[in-house]
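Remarks on the structure that follows.
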Amino acid sequence: MRIKDWDRSLKVRLFGEFFTNLSFWMVFPFLAIYFASEFGTSLTGILLVISQVFGVAANLVGGYCADRFGRRTMLFFSAISQGIMFVIFAFANSPWLNSPTISFVAFALAGVAGSFYHPASQAIVADVIPENQRSTVFSVFYTSVNITVVVGPIIGAVLFFQYRFPLLLIGGIISCIVGLALRFLTEETLPKEMKEQMANDGSNWMQVVIKQVRTYGLIVKDKVFFLFVVAGILLGQTYMQLDMLIPVYMKDAIDKQVLGNLFGREWAVTGEGSFGMLLSENGLLVVLFTVIVTRWMSKYPEKWVFFFSSFLYMVAMFVFPMTANFWVFLLAMAIFTLGELATVGLQESFVSKLAPADMRGQYFAAASLRYTIGRTIAPLVFPLVTLIGFSWTFVILAILALLSGVIYLITFKEYNKRQNEIRV
C-alpha cells in the first residue's frame with residue numbers, strides 16, 4: 001500500500017512523528033549522561049526507576065483512554081503535553097535558570113504523556129487499514145523512526161551539550177505544532193459504536209487497571225508464556241542499556257580520542273560524540289539489514305535463533321568494558337545490533353502462536369511487560385556501578401543475557417511438549 005493512498009490521519013502522523021522523533025533522538029540518548037553528571041550515577045538510577053514506574057501506570061490506562069475519549073483526542077493531548085514539558089525542560093536549562101530537579105520532573109512527565117500516545121497511534125492503523133496491509137504501514141513507520149535514530153544522535157552529540165536550551169525549546173515547539181496538526185488536520189477514527197460502548201460500560205480508569213492486572217494474572221499461569229516473558233525481561237537488561245549505561249560508560253572511558261588523519265586534518269571524538277556515532281550505527285544497521293537478517297534467521301529453528309540473540313548480547317556486554325578504543329566499541333555495537341535484529345518479527349509471531357484466538361489482544365498486552373518491567377528495572381545498573389564499577393556491571397549483564405538464552409531453550413522445550421500433547 002503506497003503512502004499516497006493512506007488515510008490523511010496516517011499521513012499527518014507519519015510526517016509529524018518524523019520531526020518529533022528527530023527532536024527526541026537528538027535529546028534522549030544523552031539524558032543518562034546529563035542526569036548522572038548532575039545527580040550522580042546512584043541517584044540517577046533510582047530517579048529513572050521512579051519515572052519508569054509512572055510510565056508503566058500510564059501504559060496500563062493508555063488503551064482505555066484511546067477507546068474512551070478517542071484516538072485524535074489522546075494524540076493531541078499527548079503531543080501538546082510533551083511539548084509543554086520540553087519547553088519547561090528547556091527553561092530549566094536556560095540562561096535564566098539551571099535546575100536539574102525541574103529538568104527531571106519535566107522529563108518524567110513527558111515520558112508519561114508519551115505513554116498515552118502509542119496505544120492511540122497504533123489503534124488508528126487498525127481503524128483505517130485492512131488487516132492484510134497493516135504490516136506494510138507499520139514497517140513504514142518503523143523505517144521512519146530508524147532514520148531519525150541514525151540522524152538524531154549525530155546532531156544531538158553536538159547540540160545537546162553546547163546548545164541545550166534552544167534544542168529543547170525547538171523540540172517542545174515542534175511537538176506542540178504536531179499536536180495542533182493532529183487536532184485540526186485529522187479525523188477521529190474511533191468507531192462510534194465502540195465509543196458508545198465504552199461510555200455505557202461505567203468503568204473508570206482505576207477499575208480498568210485492576211481488570212488488566214487480573215487478566216495478566218490469568219495469563220502468567222500459562223507456563224510457556226510466563227517463561228517467555230521472564231526471558232524477555234532478563235534480556236531487556238542488556239539491550240535497554242543502549243540509552244542508559246553505555247552512554248555513561250563511554251563518557252567515562254573516552255575523554256578525547258584521535259581516530260586518525262584525513263585530508264590533512266586530525267579527526268577526534270569525545271565520549272558524548274562517540275556514543276552519538278554508535279547510536280547512529282545501530283540505527284543505520286537496523287535500516288539496512290533488518291530484512292536480510294530476518295530472512296537469514298528464518299532458515300533456523302526458532303529456539304536456536306532466540307538463544308543466538310541472547311548469546312550475541314552477552315558477547316557485546318563482554319566486549320564493551322574490555323577497552324576504551326572507539327573502533328572496538330563500533331565492533332561491539334555491530335554485535336549488539338545483530339542480536340537485536342535476529343528476533344525481529346519472531347517475538348510477535350511466537351506470542352500469536354501461544355495466544356488463544358479470544359485472548360490474542362490480552363496476550364500481546366501482557367507480552368509488552370517484557371519491555372515495561374525490563375525498562376523499570378534497567379536503571380538499577382547505576383547504583384550497581386557505584387558499588388562494583390563498570391566492568392563487573394557489564395559482566396553481570398552478560399550473565400543475565402546468557403541466562404535468558406537458557407530460559408528461551410526451556411521455553412521452547414515446554415512449548416514442543418505442549419504441542420505433542422495436543423496432537424495426542
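The values are calculated or read from the model by the stated rules, or taken from the named source; none is laboratory data. Note that the structure is predicted; figures quoted are calculated from it, not measured. Glycine also receives a Cβ, built like all others from the backbone with ideal geometry; neighbour counts cover every protein chain displayed. SASA here: full protein model, heavy atoms, side chains in, ligands and nucleic acids out. Shrake-Rupley method; radii C 1.70, N 1.55, O 1.52, S 1.80 Å.
Some values worked out for this structure:
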{"read-out": "Region 369-408-region 18-59 distance, computed between alpha-carbon centres (Å)", "value": "17 Å"}
{"read-out": "Linear extension gain, Phe54 paired with Phe15, 0.36 nm per residue minus alpha-carbon span", "value": "11.2 nm"}
{"read-out": "Pairwise FRET efficiency - Ile173 versus Ile410, Cβ, R0 = 51 Å, nearest 0.05", "value": "0.50"}
{"read-out": "Segment Leu185-Ile377, extension gain: residue separation times 0.36 nm, minus the distance between their alpha carbons", "value": "65.2 nm"}
{"read-out": "Restraint check, Lys221/Lys303; Lys11/Lys223; Lys11/Lys299; Lys192/Lys353; Lys223/Lys299; Lys299/Lys353, Cα-Cα greater than 30 Å", "value": "Lys11/Lys223; Lys11/Lys299; Lys192/Lys353"}
{"read-out": "Cα→Cβ-extended label distance, 7 Å offset, between Thr294 and Ser349, nm", "value": "0.9 nm"}
{"read-out": "Cβ-Cβ FRET estimate between Met322 and Thr386, R0 fixed at 22 Å, reported to 0.05", "value": "0.55"}
{"read-out": "Phi to ³J(HN,Hα) by Karplus 6.51 cos²θ - 1.76 cosθ + 1.60 over region 43-54, Hz, x for Gly, Pro", "value": "5, 4, x, 5, 5, 5, 4, 4, 5, 5, 4, 5"}
{"read-out": "List Ile210, Ile174, ordered by accessible area with a 1.4 Å probe, largest first", "value": "Ile210, Ile174"}
